[in-house]
Amino acid sequence: MKPSAAKILFGGDYNPEQWPKEVWEQDYRLFDLAGIDTVTLGVFDWALTQPAEGVYDFSTLDAVIGKAVAEGRRICLATGTGAHPPWLAKAHPEVTRVDFEGRRHRFGQRHNSCPSSPVFRRLSAELARRIAHRYAGTEAIVAWHVGNEYGGACYCDLCAAGFRDWLRAWYGDLDRLNDAWCTTFWAHTFTDWDQIEPPSALTEHWRGPDHTAFQGITLDYLRFMSDAMLANFADEKAAIRESDPGTPVTTNFMGMYRPIDYHRWAAHLDFVSWDNYPPDDKSAARMALTHDLMRGLKDGQPFWLMEQTPSVTASRDVNPLKPPGVLRLWSWQAVAHGADAVLFFQMRANRGACEKYHGAVIGHAGRSDTRVFAEVAQLGAEFARLGDATLGARTPARVALLFDWDSWWALELSDGPSRLVRYQEVVLAYHRALWDLGADVDVIPVSADLSGYDVVLAPALHMVKEDLAARLESVAERGGSVVTTYLSGRVDSDDNAFLMDVPGPLGALMGVRVDEWDAREASFANPVRLADEVTADARLLFELVLPEDAEVVGVYEADWYAGTPAVTRNAFGDGHGWYVGAGLDQGGVSWVVRQVLDRHGLIGPYAGIPDVEVARRVTPDGTPLLFVLNHSGSAVEAPAVVSGVDLLTGVRVEQGTVLRLEPTGVLVLAESRPAA
């Protein structure tokens with residue numbers, strides 16, 4: 001990257017084109033007060049920059065960029081293609097999307113561009129090309145921002161043709177496709193590529209997008225649509241590179257966003273950035289998982305927090321306000337998990353449309369004496385004092401959590417055993433256990449190198465692809481622990497069931513087989529008695545586990561299968577394979593994970609203090625950093641586990657000293673290293 005100032009980038013999405021220039025002067029005075037050094041510009045400027053086909057007007061963008069440069073700000077410059085302009089839809093109606101129900105949309109909204117439209121691809125790339133040509137070489141530009149929050153889907157004829165082309169490249173011939181889709185079922189054998197239709201409410205689906213007669217077709221359409229939008233990103237990045245070969249290019253991801261497989265995108269981004277809008281103010285563990293997921297997309301490389309609200313969102317039925325201190329706490333949490341930039345949406349509150357009540361650093365009245373502005377300014381001052389102390393630092397995790405979009409899609413498309421089991425909820429439960437126990441964790445794709453991990457958790461690993469089973473076995477053979485759960489090892493990469501005992505290729509490692517499983521409504525619970533006489537409720541899914549070599553760790557206590565195994569541990573090489581065959585509650589999941597971490601000495605120092613988060617990073621020069629964050633509503637006290645300097649206060653801390661963290665308190669400790 002190219003930022004000249006060695007510090008965490010701080011600022012956010014700024015849209016001065018919405019206000020007269022006298023407001024710009026006021027804004028930059030306030031930016032100075034708040035320590036704002038970075039602005040994201042031009043995200044939705046297509047209609048201003050290109051008011052008609054073949055006509056370009058850079059006067060507004062020239063003024064906006066010129067002002068930012070004059071004020072000494074660093075710029076993340078967008079290509080402006082986050083939403084297409086009205087003239088484009090009027091002149092070329094095929095650029096708008098066709099929805100799942102088969103309706104052609106007219107101009108409106110923002111995620112309304114068909115990713116397969118040659119016109120859209122040509123004009124969006126051309127806009128990016130012209131913007132890059134005009135502004136490349138501007139020293140203030142530290143990154144390029146392509147599009148905005150890619151998402152959604154299109155089912156038009158252009159996408160149908162694109163899907164068929166994608167399938168030809170993916171499968172090579174119709175025989176292979178028919179085998180993958182199991183088309184002998186219901187007389188679906190395809191004898192010509194043109195017979196294939198996008199899976200929608202008009203073709204294979206019933207009740208909704210997750211209810212389909214042919215899961216393989218819909219799975220491939222999800223893969224295709226993710227790749228089609230990636231092609232749009234790649235078009236614009238290539239256009240930028242014609243004028244600027246070096247400045248990094250990104251787009252803003254949305255965390256655990258189901259429609260797009262970010263693992264398929266990661267290699268195409270120079271760095272990952274993402275927008276953090278959790279569903280409520282009790283989401284500390286969820287945010288930690290998503291930060292870890294974003295960091296894991298590019299092998300642990302630091303990321304940018306591209307957007308977060310300073311106060312409230314505006315897109316939900318109920319939009320809770322961040323209480324005092326939470327803006328700061330959540331920003332430091334992002335840094336603790338790998339962020340090298342902390343940016344907001346939005347810098348000044350919009351006066352109209354659907355985001356006029358969305359939180360902003362500067363409200364409608366333009367005041368500097370609000371609580372929110374004061375908290376932003378406090379954070380800006382802390383980042384200024386911190387300097388480059390955390391930049392480029394990596395997380396030294398020995399625990400890996402596998403996250404797989406294909407398993408997510410396949411599990412939730414399946415007609416059985418239970419539509420109530422949601423992939424994200426299962427993964428969240430296992431990550432929550434790691435978070436509560438203070439373990440540093442990398443959230444990584446199933447294709448990642450596992451050789452550096454002592455513990456690998458693979459919850460709801462529904463699809464097992466390529467050599468994954470063998471690589472998991474290698475973890476256990478060398479002394480590591482592998483944990484997987486119910487509904488794992490069920491299908492291959494085509495979403496066809498393995499013709500072997502459940503859990504398929506994972507069976508040898510787990511030392512079990514599963515012939516039957518029971519699914520119940522959410523209100524039904526079957527207690528599972530774990531070792532140490534701990535009892536946990538299990539819900540939704542109950543596999544009847546038959547140990548072959550495995551040791552029984554937990555048994556069901558109710559129904560006709562009472563007394564049969566629910567949780568097992570199998571000795572494999574020098575390590576273990578753990579199989580959790582039931583939907584344990586959080587207490588049960590945490591009990592299992594504690595046993596695993598304890599064997600490897602990976603339980604954190606403050607695991608007994610609820611809602612106190614611990615995270616570690618190591619700087620490029622080898623300095624260990626310890627982050628301690630208090631997400632509880634009460635002050636906490638605990639002894640320091642290392643000696644070092646608190647980077648936020650400059651105070652030296654000795655090991656064993658009692659630390660006190662107020663509610664929303666943060667400690668960033670640079671550990672003292674022994675003299676050589």
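The values are calculated or read from the model by the stated rules, or taken from the named source; none is laboratory data. Not measured: the values here are computed from a predicted model. Cβ coordinates were reconstructed from backbone atoms using ideal geometry, including for glycine residues, and neighbour counts include every protein chain displayed.
Conditions tested, residue by residue: (1) touching a strand residue (DSSP E or B) at 6+ places or on another chain (Cβ under 8 Å); (2) farther than 14 Å from THR290 by Cα.
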site	(1), (2)
VAL421	yes, yes
VAL427	yes, no
ALA433	no, yes
LEU437	no, yes
ASP442	yes, no
PRO445	yes, no
LEU450	yes, yes
ALA458	yes, yes
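Residues are listed down the side, and each one gets a yes or a no for (1) out of contact with any Phe, Trp or Tyr (no Cβ under 7 Å at 6 or more places or on another chain); (2) surrounded by 21 or more Cβ atoms within 10 Å (Cβ to Cβ):
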position: MET229; (1), (2): no, yes
position: PRO245; (1), (2): yes, no
position: PRO248; (1), (2): no, no
position: PRO259; (1), (2): yes, no
position: PRO278; (1), (2): yes, no
position: LYS282; (1), (2): yes, no
position: ASP299; (1), (2): yes, no
position: GLN308; (1), (2): no, yes
Kindly evaluate PRO505 against the criterion of being within 29 Å of the chain's Cα centre (by Cα) and at negative phi.
yes
Among (1) assigned by TED's automatic domain parsing to the domain that holds PHE542; (2) over 22 Å from GLY504 (Cα atoms), the one test that GLY577 misses:
(2)
Please verify whether segment 511-524 includes one or more residues that are among the hydroxyl-bearing types (Ser, Thr, Tyr), touching a helix residue (DSSP H, G or I) at 6+ places or on another chain (Cβ under 9 Å) and assigned by TED's automatic domain parsing to the domain that holds THR568.
no
Which of the residues that make up segment 405-432 are part of a loop (DSSP other than H, G, I, E, B) and either without any contact (Cβ under 8 Å) to a residue 60 or more places away in the chain or in the same structural domain as PHE214 (by TED's automatic domain parsing) (or both)?
ARG422
Pull out all pairs, ordered by first then second residue, where Cβ-Cβ is under 7 Å, the residues are six or more apart or on different chains, the first lies in segment 364-388 and is at pLDDT 95 or above, and the second is surrounded by 14 or more Cβ atoms within 10 Å (Cβ to Cβ) and among the charged types (D, E, K, R).
GLU375/ARG328; GLN378/ARG328; LEU379/ARG328; PHE383/LYS7; ALA384/LYS7; LEU386/LYS7; GLY387/LYS7; ASP388/LYS7
What about LEU506, is it buried (at least 17 other Cβ atoms within 10 Å of the Cβ) and in a helix (DSSP H, G or I)?
yes
Just wondering, is there one or more residues in segment 69-87 that are more than 23 Å from PRO51 (Cβ to Cβ), assigned to a loop (DSSP other than H, G, I, E, B) and not charged (D, E, K, R)?
yes
Just checking: which of the helices (runs of 4 or more DSSP H) contained wholly in segment 111-226 hold 1 or more residues that are polar (S, T, N, Q)?
118-135, 174-181
Restricting the search to segment 190-213, which residues are loosely packed, with under 14 Cβ neighbours inside 10 Å and either farther than 22 Å from THR96 by Cβ or touching an Asp or Glu at 6+ places or on another chain (Cβ under 7 Å) (or both)?
THR191, ASP192, ASP194, GLN195, TRP206, ARG207, GLY208
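Among the listed residues SER418, SER331, identify the single one that is farther than 30 Å from THR484 by Cβ and of a type outside the set (Lys, Arg).
SER331
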Checking the structure you have, find out if any residue of segment 79-100 is surrounded by fewer than 23 Cβ atoms within 10 Å (Cβ to Cβ) and on the phi > 0 side of the Ramachandran plot.
no
Condition check: more than 26 Å from the chain's Cα centre (by Cα) and outside the structural domain of GLU236 (by TED's automatic domain parsing). Does ALA180 satisfy that?
yes
Any idea how many residues of segment 141-157 are in contact with a Phe, Trp or Tyr (Cβ under 7 Å, 6 or more places away or on another chain) and either β-branched (Val, Ile, Thr) or free of Cβ contacts under 8 Å to residues at least 12 places away in the same chain (or both)?
2
For the subset of segment 344-374 comprising residues that are buried (at least 17 other Cβ atoms within 10 Å of the Cβ) and in contact with a Pro (Cβ under 7 Å, 6 or more places away or on another chain), which member is nearest to CYS76 (Cα to Cα)?
PHE344
May I ask you to list the residues in segment 354-399 that are under 30 Å from VAL318 (Cβ atoms) and basic (Lys, Arg)?
LYS356, ARG367, ARG371
Of the residues in segment 172-212, those that are closer than 24 Å to ARG104 by Cα and of a type in the set (A, V, I, L, M) come to ILE196, ALA201, LEU202
Count of residues meeting criterion [surrounded by 19 or more Cβ atoms within 10 Å (Cβ to Cβ) and out of contact with any Gly (no Cβ under 7 Å at 6 or more places or on another chain)] in segment 509-526
2
For ALA476, which of the numbered conditions (1) of a type outside the set (Ser, Thr, Tyr); (2) on the phi > 0 side of the Ramachandran plot; (3) in a helix (DSSP H, G or I) fails to hold?
(2)
The lone condition GLY66 fails out of (1) on the phi > 0 side of the Ramachandran plot; (2) at pLDDT 95 or above; (3) surrounded by fewer than 18 Cβ atoms within 10 Å (Cβ to Cβ) is (1)
Quick one: would you say ALA231 is small (Gly, Ala, Ser), in the same structural domain as SER315 (by TED's automatic domain parsing), under 26 Å from ASP165 (Cβ atoms) and modelled with pLDDT of 95 or more?
yes
